[in-house]
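First up is the structure itself, then whatever we jot down about it.
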Amino acid sequence: MNFEDAAMTLPPSLCSGPIAIHWFRRDLRWQDNRALHAALQSDLPVVPIFIFDRHILERLEGPEDRRVQFLHDRLDQLRLHVQGWSDVWVVHSTPEEVMTALAEQADVKAVYANEDYEPYAVKRDHKVANFWEERGVPFHRFKDHVIKAPGEVLKPDGTPYTVFTPFSRRWQAEVRADDVAPAPSEHHLGNLHRFSAPPTPALTDLGFSAIKVSFPDPHIDAKVLASYAERRDLPAISGTSRISVHLRFGTLSVREAYAQGIKHSDKWVTELVWREFYQAIMAAFPHSMESAFKPAYDRVPWRHDGEQFEAWKEGQTGYPLVDAGMRELKHTGFMHNRVRMVVASFLCKHLLLDWRLGERHFAAQLLDFELASNVGGWQWAAGTGCDAAPYFRVFNPTSQWTKFDPKSDYVRRWVPEFESLSYARPIVDHAFARQRAIDTYKQALTSE
Ligand SMILES: Cc1cc2nc3c(=O)[nH]c(=O)nc-3n(C[C@H](O)[C@H](O)[C@H](O)COP(=O)(O)OP(=O)(O)OC[C@H]3O[C@@H](n4cnc5c(N)ncnc54)[C@H](O)[C@@H]3O)c2cc1C
């Protein structure tokens, strides 16, 4: 990441006097937004910006990407909300170039943003903080993406938790009123700078094509939460909240989610705590984003089998629940949590393929992709992670199907041919694959 002279020109109305910047990242909402609120409380007019970051976009497979489409739509909505008197400057560039242009061409007195704990973001923000510090401009950051930030919930000896249950107990005991208090909203928007920005770059200018896709609403259904404990494992019904994409991009505040959760379902609040647990693990053990949390598990000799990996991706393994999940993912960008566990276990244990292959595939496909939760879920299923399923517990994809989709409604929706002769034959025998996985893991863990 290098800061060189900016090649871009700022919108002229943005350069008319002293300003504060609010840099939107994974907090795409006007209401209950801590950094934005703090910026609006300063006595400076606030210019909101969003950067379609080339460093990130270039890593996406493209040209069709549901996340980019989601961001694009959401930015349109954000702009529409303040149209006529203020705006959001949306730019396709790099943080280095945008910050340099702001420093050279505008009178920036302060920069505000909400914290982001992913390794790339941590490095980026560190450099951006240094850049502004050298110019005497503060870069203020706020906890907003989570209720308890990484490092806030620690064991009594000050080290990070690596097991979920004690983490969760302490998390719940330590939630304070100011952790969950919403940031005052709306009425402060009058402190936005009066300016207008150029149009949002078209998806094609970003290297993507527009796609038709329906996104879940950013609303939490109280009825779903009330029956969550009983219905959350059934993929055929709407038994879960479907807010993951909104927590991921901040189109819904996690404080609002928590407020709903404590009214209706303790079990559901525990799921929010899983999300925070994985964020804390990512921050404390960044190596685990790329290799096994427990290093001994990196000795598992993963198989290489392109044909089987392809069959898994395409939902052609001959195991109906696995295939239904993989086809749901391919067509919608979503997969039910129970099914995510089953397909992940199938890849790592039945096929003995490296969990990182599956993690990368999910990362490319999931609308709600969050590095910490995705790696956490995959390492849990592979048995390689902190507080993971033990390696010798191998999900049986057929009994998972009969237990959680007893009428086959979910399977029928995605694999209509599952009862016919045209359906794929199992690519691996369950009993054989189970034993092979147990033996292979055992040998790897006991060898030096
Ligand atoms: C292999 C695998 C990969 C996964 N990858 C992701 C991912 O990239 N992004 C993601 O948000 N979740 C991921 N999960 C967790 C979980 O599957 C989704 O959060 C959930 O299915 C989203 O649906 P929902 O919003 O209806 O969840 P609900 O059941 O209504 O839960 C509410 C919220 O709690 C959080 N949550 C729920 N379960 C988990 C969990 N096990 N771990 C962490 N957070 C959780 C999510 O933010 C979710 O929106 C993964 C799980 C597995 C097993």
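Compute the separation of the alpha-carbon centres of region 1-71 and region 426-444 and state it in Å as a whole number.
The two parts, judged by their Cα centres, are 49 Å apart.
At 1.4 Å probe size, with the rest of the protein present, what percent of the exposed accessible area of the chain is carbon and sulfur atoms?
Carbon and sulfur atoms account for 52 percent of the accessible area of the chain.
Over 30 Å between Cα atoms, which of LYS313/LYS442; LYS148/LYS407; LYS148/LYS263; LYS148/LYS267; LYS148/LYS442; LYS123/LYS155 qualify?
LYS148/LYS407; LYS148/LYS442
Starting from 0.36 nm per residue, how many nanometres of slack lie between LYS330 and HIS81 once their C-alpha separation is accounted for?
Details: separation 249, 0.36 × 249 = 89.64 nm, distance 3.26 nm.
Extra length from LYS330 to HIS81 when fully extended: 86.4 nm.
Express the accessible area of the chain per residue in Å², computed with a 1.4 Å probe while the remaining protein chains stay in the model.
44
If I fit a long axis through the Cα atoms of helix 164-174 and take the longest principal axis of the Cα atoms of the chain, what angle between them do I get, 0 to 90°, rounded to 10?
Orientation of helix 164-174: about 30 degrees from the principal axis.
Please report, in cubic angstrom per residue, the volume enclosed by the convex hull of the alpha-carbon atoms of region 319-439.
100
Enumerate the residues in region 196-210 having an amide nitrogen under 20 Å from the point lying 7 Å beyond the Cα of SER13 toward its Cβ.
Within reach of a label on SER13: 196-202.
For a paramagnetic label modelled at 7 Å from the Cα of SER447 toward its Cβ, which residues of region 298-334 fall within the zone defined by backbone nitrogen distances under 20 Å?
298-305
Can you figure out the FRET efficiency of HIS219 with LEU60, using R₀ = 25 Å and their beta-carbon distance, to the nearest 0.05?
0.35
Which is farthest toward the positive dipole end of region 99-174 among PHE131, GLN172, GLY151, measuring Cα position about the Cα centre, with Cβ charges +1 (Lys, Arg) and -1 (Asp, Glu)?
Result: GLN172.
Okay, helix-only estimate at 222 nm for the chain: each DSSP H run of n ≥ 4 adds -39500 (n - 2.57), divide by all residues, round to 500 deg cm²/dmol; what do you get? List each step's numbers first, then the result.
Numbers: 20 runs with 200 residues, N = 448.
Calculated at 222 nm, the ellipticity per residue is -13000 deg cm²/dmol.
For the residue pair ASN396 and LYS127, what label-to-label distance in nm results when each label sits 7 Å from Cα along the Cα-to-beta-carbon direction?
Roughly 5.3 nm, to one decimal.
Between VAL375, VAL163, VAL90, which gets the highest mean-square fluctuation from a Gaussian network model of the chain, Cα cutoff 10 Å?
Result for the chain, Cα springs under 10 Å: VAL163 fluctuates most.
So how many Å³ per residue does the convex hull of the Cα atoms of the chain work out to?
Per-residue hull volume (Cα only) is 161 Å³.
Give me the number: length gained by fully extending SER42 to ARG176, i.e. 0.36 nm times residue separation minus the C-alpha to C-alpha distance, one decimal in nm.
Length gained between SER42 and ARG176: 45.7 nm.
May I have the pair-distance distribution P(r) for region 12-143, computed from all Cα-Cα distances with 10 Å bins from 0 and rounded to whole percent?
11, 44, 37, 8, 0
Rounded to the nearest 10 Å², what accessible area does ARG303 have for a 1.4 Å probe in the complete protein model?
The value for ARG303 is about 60 Å².
The values are calculated or read from the model by the stated rules, or taken from the named source; none is laboratory data. Please read all numbers here as calculations on a predicted model, not as lab measurements. FYI the Cβ positions are ideal-geometry reconstructions off the backbone, even for glycines, and counts take in every protein chain you see. Note: accessible area is taken over every heavy atom of the protein model, side chains too, but ligands, DNA and RNA are not part of it. Shrake-Rupley method; radii C 1.70, N 1.55, O 1.52, S 1.80 Å.
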